[in-house]
Amino acid sequence: MGTDQRHPQGAAAPPRGPGSQQPAPAAPSRARRLVRAVLAALSTAAVVMVFALLVREQWPPLVRFDERLVTAATAYTASTPGLLPVLRVWQWAFAASRLFVPVAAVCLLFWWRTGRRTRAWWALGTILVAWVVANVAKELVQRARPVLDAPVANAAGYSFPSGHAANTASMTTALVVLVWPELRTRRARTLAVLAAVGLTGLTAADRVLLGVHYPSDVLAGALLGSGVVIASYLGYRGWSHRREGSPPPRPTRPPRR
């Protein structure tokens with residue numbers, strides 16, 4: 001007579017051996033991912049829209065804050081020898097058209113080294129979407145650049161939101177998300193986040209110190225750029241069959257003879 005393999009009701013299951021596979025946690029459904037992405041996108045749009053409405057209506061507290069800070073910032077630039085050339089170089093280097101090439105190279109290198117093709121293309125596509133969204137927002141709000149008594153630099157186009165801040169935020173945020181699964185230590189992940197925040201903050205400061213953007217412009221730009229990336233990733237996360245964050249499968253090698 002064969003041994004009954006069933007366990008009595010309420011009895012504890014036998015312990016699993018070291019080689020037994022634990023069931024993977026269920027991934028969120030596609031609909032749930034899309035809902036999260038839409039909510040994140042709407043939240044970002046709502047915050048930026050509030051800034052835009054305050055700008056269009058020329059809300060006095062915001063106008064006073066912007067004008068005082070940009071005036072003080074440009075006065076500091078004019079009184080600090082050697083600062084203006086550094087700010088102009090940073091402005092040139094962190095223009096989206098120049099920054100996109102090295103960022104795209106990093107994404108392609110990541111694909112080549114890890115095999116995560118869809119993740120690399122997600123990063124590139126999201127960066128381009130954020131670029132377009134920032135330009136569309138400029139045309140919708142049409143805020144004029146700061147007008148100063150003693151300007152230290154000039155720039156064409158509209159002021160809100162800052163394209164430099166938005167694009168730097170989107171590119172650095174996308175790169176951090178892109179390489180996150182490959183960063184195995186807390187220190188590496190902390191350094192990556194600090195680098196992204198630092199580069200975005202320096203770019204925002206550059207725009208105000210040059211007097212080509214108001215503080216609210218760069219703040220809205222940074223929120224817009226990072227918000228687009230976060231919303232996009234919430235929709236992308238778990239899209240592939242392989243669990244997000246797990247290393248790619250390694251090819252099996254034939255036994256040596």
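For the stretch 78-123, what does the alpha-carbon gyration tensor say about shape, rounded, prolate or oblate, given a ≥ b ≥ c as the root eigenvalues, a/c under 1.5 as rounded, and a/b over b/c as prolate?
Prolate is the answer for the stretch 78-123, as a/c is 1.5 or above and a/b outweighs b/c.
Counted by Cβ distance under 10 Å from residue 166, the other residues give a net charge of 0, where Lys and Arg count +1 and Asp and Glu count -1. Taking a quarter of the surface of the Cα convex hull of the stretch 130-224 gives a mean projected area of 6.2 nm². Near residue 88: Cβ cut-off under 14 Å, other residues only, Lys/Arg at +1 and Asp/Glu at -1. The net charge is +1. Once you sort the root eigenvalues of the Cα gyration tensor of the stretch 161-211 as a ≥ b ≥ c, which label holds: rounded (a/c under 1.5), prolate (a/b larger than b/c) or oblate (the other case)? In terms of gyration-tensor shape, oblate.
What fraction, in whole percent, of alpha-carbon pairs in the stretch 49-188 exceed 18 Å separation?
Details: 6419 of 9730 pairs.
For the stretch 49-188, the share of Cα pairs beyond 18 Å comes to 66 percent.
Applying 1/(1 + (r/R0)^6) with R0 = 22 Å to the Cβ-Cβ distance of residue 205 and residue 154, what FRET efficiency is obtained, to the nearest 0.05? For residue 205 and residue 154, the calculated efficiency is 0.75.
Each reported figure results from applying straightforward, stated rules to the coordinates on display, with no laboratory input. Since this is a predicted model, take the numbers as computed values, not measurements. Please note: Cβ atoms are built from the backbone with ideal geometry, for glycine as well, and neighbour counts cover all protein chains shown.
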